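Q: Here it is, the structure in full.
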Amino acid sequence: MKKDIPKYSYKEFFEKKNDTILIIPVWNEGERIQKELKRLYSVSAYTFLDIILLDGGTTDNSINDDFLKEVHVRGVCSTTAKGQGSSYRIGFNKAIEDDYKYCLTVDGNNKDSVEQVEEFIKLLKNGYDFVQGSRFMKGGYHENTPKAREIAIKYFSNPLLSVVSGFKYTETMSAFRGFNVDILKDERLNIFRDIFKTWELQWYMATRIPKLGYKVIEIPQSRIYPATGPIVTKINWMGNFRIIIQLLKVAIGYYNPKK
């Protein structure tokens, strides 16, 4: 498989120790990423998974080396390539190159219930290929979700991607996910293409993986926005417009590999 991987540098603090990797895209997340990493450390996540940060050019000193060593982050992949999709291509390639069996992803803004990482791993080890976290399914929880966003997810992206994928999703916007690394190598999925730069990779994988016959499941998660202050997101109004366009492109098969 030909791979288009953005250029990056890698700084390692610890050697590979586990069969699962957790990759977290970050860019100037401030104390949000620090709180998230401390939460992972508090449940000794480093004893059963290796954490790699995918840094898109952080300048706020939130991921300084001393702190990352304290919370047992394995290493940092740094790139000038912008966008979630660019970071994920680097992270997924790292998962393959370092011979991990399972790969988890989560945002770095401290909104998700990261203490659940072991539950994701258990489902993967029990034979599921793709695990999607959901705040909206039974047992899930969300708080202070912007109303417009909640409506868009429940009545646009969820039904659209459910119909296209053949899997009934209750959540399509959470990046809290788990993958069997073998599916990341599948040429029929072909995720290592430069066409994936921002959020489109997330929705493409959610639709394409079920269609390829892989075993998919949702797991309840919590996703909590701060009660006060600005909404924790890097998606502005133009970003929301791009998301709609990308979702429609996913629906019509625009990102599917060309035969």
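Q: Could you give the semi-axes, largest first, of the ellipsoid that matches the range 126-197, computed as the square roots of 5 times the alpha carbon gyration tensor eigenvalues and rounded to whole Å?
A: 25, 15, 12
Q: Which pairs in the list Lys138/Lys211; Lys35/Lys168; Lys11/Lys211; Lys147/Lys185 are over 26 Å apart, alpha-carbon to alpha-carbon?
A: The pairs that break the limit, which is 26 Å between Cα atoms, are Lys35/Lys168; Lys11/Lys211; Lys147/Lys185.
Q: Residues with amide H under 5 Å of Val26's amide H, sequence separation 5 or more or different chain, H placed in the peptide plane at 1.01 Å from N; which?
A: Close amide H contacts, sequence-distant or interchain: Leu54, Asp55, Gly56.
Q: Taking every Cα atom in the range 41-162, find the radius of gyration and the maximum pairwise distance Dmax, and write them in Å.
A: 16.2, 45
Q: Under a plain spin-label model, where a point goes 7 Å from the Cα along Cα-to-Cβ, how far apart in nm are Met137 and Asn240?
A: Inter-label distance under the simple model: 2.7 nm.
Q: What do you get when you divide the Cα radius of gyration of the range 134-176 by 2.2 N^0.38 Å, with N the number of residues?
A: 1.11
Q: Let me ask something else about it. Just to be sure I follow the rule: in the range 57-126, considering lysines 8 or more places apart or on different chains, how many pairs have Cα atoms under 25 Å apart?
A: 11
Q: Which order, highest average first, do 34-41, 140-147, 102-109 follow once you tally other Cβ atoms within 10 Å for each residue and take the mean per peptide?
A: Top to bottom by mean Cβ count within 10 Å: 102-109, 34-41, 140-147.
Q: Tabulate in residue order the Karplus-calculated ³J(HN,Hα) for the range 84-91, using 6.51 cos²θ - 1.76 cosθ + 1.60 with θ = phi - 60°, rounded to whole Hz; enter x for Gly and Pro.
A: 4, x, 5, 5, 5, 4, 5, x
Q: Once amide H atoms are built 1.01 Å from N in the peptide plane, which residues 5 or more positions from Ser222, or in another chain, come under 5 Å H to H?
A: Placed amide hydrogens put Ser113, Tyr141 under 5 Å from Ser222.
Q: For the pair Ser42 and Asn144, what calculated FRET efficiency results from E = 1/(1 + (r/R0)^6), where r is the Cβ-Cβ distance and R0 = 30 Å, to the nearest 0.05?
A: The value I calculate is 0.85.
Q: From the Cα trace of the range 127-259, what convex hull volume per residue do you get, rounded to a whole Å³?
A: Value for the range 127-259: 112 Å³ per residue.
Q: Follow-up question, since we're still on this one. Over the chain, what is the relative contact order in percent, taking alpha-carbon pairs closer than 8 angstrom and at least six residues apart?
A: Once divided by the residue count of the chain, the mean separation gives 23 percent.
Each reported figure results from applying straightforward, stated rules to the coordinates on display, with no laboratory input. As the structure is a computational prediction, the values presented were derived from the model and not from experiment. Cβ atoms come from the backbone with ideal geometry, glycine included; neighbour counts cover every protein chain shown.
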